[in-house]
Amino acid sequence: MILKKHIGIDLGTDTTQIYLNKNGVVVNEPSVIAFNNRTNRIVAYGDHAKTMRSRTPAHVTVSRPIIHGVIADFDMAREMTQHFLKDGHIPWSWSTRMIVSVPTNLTEVERKSVEDLLKESGANEVHLVEQPLVAALGSQLDIHQPTAYLVVDIGAGTTDMAIISMNGIVVSKRLEVAGDFLNSEIIRSVRDELKLSIGEPTAEDIKIAVGAAIPQSERLEVQIRGRDVVSGLPREIVVKDTQVRLWLGRPLRLIHEGLKDLIEASPPELVGDVHKNGVYMCGGGSMLRGVDQMLQKETGVEVKLVDDPLTCVVRGTGVVVENFDKYSHLLDNFSNLKLG
Ligand SMILES: Nc1ncnc2c1ncn2[C@@H]1O[C@H](COP(=O)(O)OP(=O)(O)OP(=O)(O)O)[C@@H](O)[C@H]1O
Ligand SMILES: [Mg+2]
């Protein structure tokens, strides 16, 4: 038992991660829950629930309570968060402070919903912090300097981009085009062009095995199975990186156009700083082959993939947890110029 514990949380569309003070990241699980509609009971959480996706009988629903980084199903999100907090072997304490990262440009109602969720999950004190700020801290950027950094976080549900200077977000943009959108483009293209119906997990396998934003020096191929849309029977096909690159062209264009819009809307001095410092890219979607080189070519600014891009945001919340007084001015502060 401890008197007060301090927790950092990244409630992601794809993954929930929890940081406990003096312990590091103690939970890293898919934000997925499986619910039995007959018994009204939750049957699985996290990794276990994810393996059930697209494979459940009619009375079991596998769902993701967070969509585009926003709570879509409050009750399921609360059940899931409470479970992960228990699962992380986080000790009981008299009081709990939680610092949770949220995407930029949330409405007040959406922010209140996150706060309520964590209060109902055992927090006495909840602070919200915008994701690009903690992504920058997790990337070891010295954000209090009078220079600007551009951070791009390509997650599953959102691509959050922001220019940060002197401890604040100067301008930000959030797109609902990220890893999930790439998967749905793969599902649609495989159905339209190859006449094969596939589920989300197979689309994800294709993206990770052969997905690329720019031409690759070696040829990549992956064998997948699905249902023939004409005969309705199972069929196996080989998908090549060159095909997937074309399929991903449209969503990737939306991301680089969004980044260009953000740079164009920024004050000239800051654009000069960004040119000097480069663009820092994190989030699971930034691990797509060549996405850094594509953004670099399109913007003319050096793009750097941060170390361990999947945990960058939660590690950033950890920096705030461990140095609360130093970073408290970053919390619960949402006034900045937003580009939609
Ligand atoms: N090697 C890879 N290549 C391409 N995409 C990848 C790779 N590894 C993970 N991803 C994608 O990264 C995404 C998950 O990233 P991340 O954990 O940062 O998202 P999240 O924080 O849960 O979502 P969000 O921030 O949008 O709420 C998924 O869409 C996944 O398909
Ligand atoms: Mg994220």
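No lab work stands behind these numbers, since they all come straight from the coordinates. Please read all numbers here as calculations on a predicted model, not as lab measurements. Cβ: placed from backbone, ideal geometry, glycine included. Neighbour counts: every protein chain shown.
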- Return the percentage of antiparallel bridges among DSSP beta bridges fully within the range 40-155, rounded to the nearest 5 %. 25
- Task: Find the percent of Cα-Cα distances in the range 161-203 that exceed 13 Å, and round it to a whole number.
- Result: 63
- Message: Could you sort the peptides 184-194, 75-85 by per-residue average Cβ neighbour count (10 Å cutoff), highest mean leading?
- Response: 75-85, 184-194
- Task: With no solvent and one equal point scatterer per Cα, compute the Debye intensity ratio I(q)/I(0) for the range 1-138 at 0.18 Å⁻¹ and report its log10, rounded to two decimals.
- Result: -1.01
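Please give the direction-averaged projected area of the C-alpha convex hull for the chain, in square nanometres with one decimal.
17.9
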- the chain: antiparallel DSSP beta bridges as a percent of all, rounded to 5: 65
- Message: Test of understanding: ordering Thr159, Thr317, Thr39, Thr56 by Cβ neighbours within 10 Å, fewest first, what list do you get?
- Response: Thr39, Thr56, Thr159, Thr317
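Based on alpha-carbon atoms only, what is the radius of gyration of the range 1-66 relative to the globular estimate 2.2 N^0.38 Å?
Output field value: 1.36.
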- Note on the structure: If amide H atoms are modeled at 1.01 Å from N in the peptide plane, then the residues at a separation of 5 or more from Ala44, or on another chain, having amide H under 5 Å from its own are Ala34
- Item | Label point distance in nm, Leu233-Leu220, each placed 7 Å from Cα along Cα→Cβ | 3.2
- Any chance you could list the semi-axes, whole Å, largest first, of the equivalent ellipsoid that the Cα gyration tensor gives for the range 190-340, using √(5λ)? 37, 20, 15
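Using the Cα gyration tensor of the range 82-183, with a ≥ b ≥ c the square roots of its eigenvalues, what is the shape: rounded (a/c below 1.5), prolate (a/b larger than b/c) or oblate (neither)? Provide the component values of the computation, followed by the final result.
Details: a/c = 1.97, a/b = 1.46, b/c = 1.34.
The shape class here is prolate.
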- Task: Compute the Cα gyration tensor for the range 168-242, then decide on rounded, prolate or oblate, letting a ≥ b ≥ c be the square roots of its eigenvalues: rounded whenever a/c is under 1.5, prolate when a/b is larger than b/c in the other cases, and oblate in all that remain.
- Result: oblate
- Note on the structure: Among beta bridges assigned by DSSP with both residues in the range 221-340, the antiparallel ones amount in percent, to the nearest 5, to 70
- Note on the structure: Quick note on Trp247, Trp94, ordering by fewest other C-beta atoms within 10 Å, gives Trp94, Trp247
